[in-house]
Amino acid sequence: MVFGTLERQRVANPLDKARPNQQAKGRGVPQIISEYAAVRSLLSTQTPTLDSKKLLVESWRGVPWKEASEKHWLEGPLSVREVDELFDRWLPVRRFSVFQRGKVRPIDDMKENHLNQAFSSGEKIDLHALDHTIWCLQAVTRFCIHGGHMDFCLSDGNRLKGVVHPSWLNLDPRLLTTAFDLESAYKQLALHPDEYDCTVVTLRNPETKQPACFLMRTLPFGSTASVLHFNRMARLIWRLGLELNLWWGNYFDDYPCISHHGQVSSTKACVEGLFQLVGFKFAQEKLAPFQQRLKCWELL
């Protein structure tokens, strides 16, 4: 869902109460569509500001056409009249593009059409930053070197205690790391068909000067709700990995993973098998070998 109130699911940190945007409190998408009818005419005619000719070409001829014809993330192009025939009322979304790490990244502006104001949640995702991975490295290294007893105090006051297996003392405490990156992140999660009418991507054809519309099939990049939904799913994958005794963390679509140098092959196979079982793809071309140093840009 990209609008409405998401009740607490006991997945993340609870808020005192759901905190919808005060400007949208008590309003749903039908009200927004009706109150901001002017947005539709504005988005249907306005041309996005583009920084270069290459960005213009990619924003019109490149990215949306690939997403519609090859990846099936979008359906279209459709004329305004065709969209009118599909929905009684619909809300356009203006798409703009930015250069990021040498490629064009499309962003759907859910703030401009006020859709972000119609979503609230009773939870807040807590992100695993770099300190989470460093703590894991420190804890494992300590037991590899010193052995002895494990004694952790949990946040609820309970303690986990156990004896470290003596075989760890006979192994070289050399730990290696890499990061698994989910491919296309939000685009691996489907958008509910009931919300196709409020996420119509609208672009202006620079040749005909007419608007072209695309129906969105996946979570939009630019929606407040998408951030929460994606991170909840990403956190689920991380939690399943813990049941497989993986030493790893999760930060948005990145999974920094630690392995003892003697277990690299089995660790890699375990992570790949988990992604395959849950039906998520990771970027094979971005996967670096397990090594002592790791570049994970999102964590820097």
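The values are calculated or read from the model by the stated rules, or taken from the named source; none is laboratory data. The structure displayed is predicted, hence computed values, not measured ones. A quick note on method: Cβ atoms are made from the backbone with ideal geometry, for glycine too, and the neighbour counts reach across all protein chains shown.
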### Query
Can you tell which of Thr218, Thr208, Thr224 is polar (S, T, N, Q), closer than 27 Å to Arg81 by Cα and either in contact (Cβ under 8 Å) with a residue 60 or more places away in the chain or buried (at least 16 other Cβ atoms within 10 Å of the Cβ) (or both)?
Thr218
## Note on the structure
Among residues of region 148-174 being out of contact with any Cys (no Cβ under 8 Å at 6 or more places or on another chain) and touching a residue at least 24 places away in the same chain (Cβ under 8 Å), the residue surrounded by the fewest Cβ atoms within 10 Å (Cβ to Cβ) is Asp172
### Query
Looking at Gly262, Gly273, Gly241, Gly279, which is the one that is loosely packed, with under 15 Cβ neighbours inside 10 Å, more than 17 Å from the chain's Cα centre (by Cα) and either under 29 Å from Met1 (Cβ atoms) or at pLDDT below 95 (or both)?
Gly262
### Pairs with Cβ under 6 Å, 6+ apart, first in region 86-97 and not assigned by TED's automatic domain parsing to the domain that holds Leu115, second exposed (fewer than 14 other Cβ atoms within 10 Å of the Cβ)
none
#### Entry: Criterion (over 25 Å from Leu189 (Cβ atoms), of a type outside the set (Val, Ile, Thr) and in a strand (DSSP E or B)) met by exactly one of Ser265, Ser259
Ser259
### Task
Counting only residues that are small (Gly, Ala, Ser) and within 21 Å of Pro193 (Cα to Cα), give me the helices (runs of 4 or more DSSP H) lying completely in region 61-156 with at least 1 of them.
63-69
### Considering residues of region 206-238 that are within 23 Å of Glu285 (Cα to Cα) and of a type in the set (Phe, Trp, Tyr) only, the residue farthest from the chain's Cα centre (by Cα)
Trp238
